[in-house]
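Contents: one structure, followed by commentary.
Read the figures in this text as sums done on the coordinates, not as results from a lab. This one's a predicted model, so the numbers in the text were calculated from it and none came from an experiment. Using ideal geometry, Cβ is built from the backbone for each residue, glycine included, and neighbour counts are taken over all protein chains shown.
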């Protein structure tokens with residue numbers, strides 16, 4: 001591993017992948033992000049997300065990452081990992097690690113790691129997805145001992161639509177789906193832009209907010225043993241765990 005950490009990001013299709021170079025440039029020290037786009041159906045349906053996160057699709061992306069000599073790899077797709085359940089998501093990450101020879105994880109596993117690092121046991125979900133896929137994320141969290149005290153969903157069917165949701169609407173949606181018993185609000189879509197206003201989200205809600213692209217980058221740093229307290233990127237990025 002060189003002085004500059006190289007993070008491989010496997011990202012389905014095109015939507016909010018610009019969050020990753022934005023986050024990488026904001027880190028101190030900065031991180032070199034290599035984004036590889038994987039093939040995917042484009043609907044937020046369970047049957048299609050199972051295809052998105054299939055071993056065949058992910059290993060095709062790995063082939064593009066291998067010559068880039070990354071230090072850590074993240075499967076940057078929440079739905080394409082949590083639909084497999086916790087054990088399935090772990091097997092998925094292990095397949096990536098075995099293929100690349102570096103630590104690997106996914107957005108869904110990153111949410112579990114982040115909740116553990118912050119000591120969060122009761123959360124609210126503000127999901128962009130339709131109801132069925134949102135419930136699958138709830139089940140994923142429940143199975144790891146994280147109680148979901150409230151779940152809200154927008155009913156957005158594609159990543160393209162998620163990427164068009166503007167900052168003010170994200171802030172309103174996060175506020176609307178907080179709950180007095182929740183210790184944090186989780187926003188699980190990597191197709192949703194949030195990197196530019198993470199502190200605003202937490203100010204608007206009045207508590208910790210974890211977003212998909214944020215936890216994905218944090219998990220990459222954690223796996224590479226490069227966590228250092230960061231400012232301006234939300235409470236999670238202030239944590240070393």
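For the reader, a short list of remarks on this structure follows.
- Using a cutoff of 8 angstrom between alpha carbon atoms and counting only pairs six or more residues apart, the relative contact order for region 46-152 works out to 27 percent.
- The order of 179, 14, going from fewest to most other C-beta atoms within 10 Å of their C-beta, is 14, 179.
- Reference-scaled alpha-carbon Rg (2.2 N^0.38 Å with N residues) for region 130-171: 1.35
- For region 118-211: relative contact order, % (alpha-carbon pairs under 8 angstrom, 6 or more apart): 35 percent
- Label sites at residue 51 and residue 175, each approximated as a point 7 angstrom past Cα along Cα to Cβ, lie 4.0 nm apart.
- Listed values (i) 7, 33, 36, 18, 5, 1; (ii) 7, 30, 32, 21, 8, 1; (iii) 8, 37, 40, 15, 1 include one computed from this model; for P(r) over Cα pairs in 10 Å bins from 0, in percent that value carries the label (iii).
- Residue 166-residue 30 pseudo-label distance in nm [points 7 Å out on the Cα-to-Cβ vector]: 3.0 nm
- Sorted fewest first by neighbouring Cβ atoms within 10 angstrom, 227, 100 come out as 227, 100.
- Normalising the Debye intensity of region 99-140 to I(0), with uniform scatterers on Cα atoms only, and taking log10 at q = 0.14, 0.22, 0.24, 0.32 Å⁻¹ returns -0.43, -0.84, -0.92, -1.18.
- Calculated [θ] (222 nm, deg cm²/dmol) that DSSP helices of n ≥ 4 give over the chain, each run adding -39,500 (n - 2.57): -12500 deg cm²/dmol
- For the peptides 197-206, 62-71, residues were scored by their other Cβ atoms within 10 Å and the scores averaged per peptide; the highest-first order is 197-206, 62-71.
- Rg(Cα) / (2.2 N^0.38 Å) computed for region 14-60, rounded to two decimals: 1.45
- Scaling against 2.2 N^0.38 Å puts the C-alpha radius of gyration of region 118-211 at 0.99.
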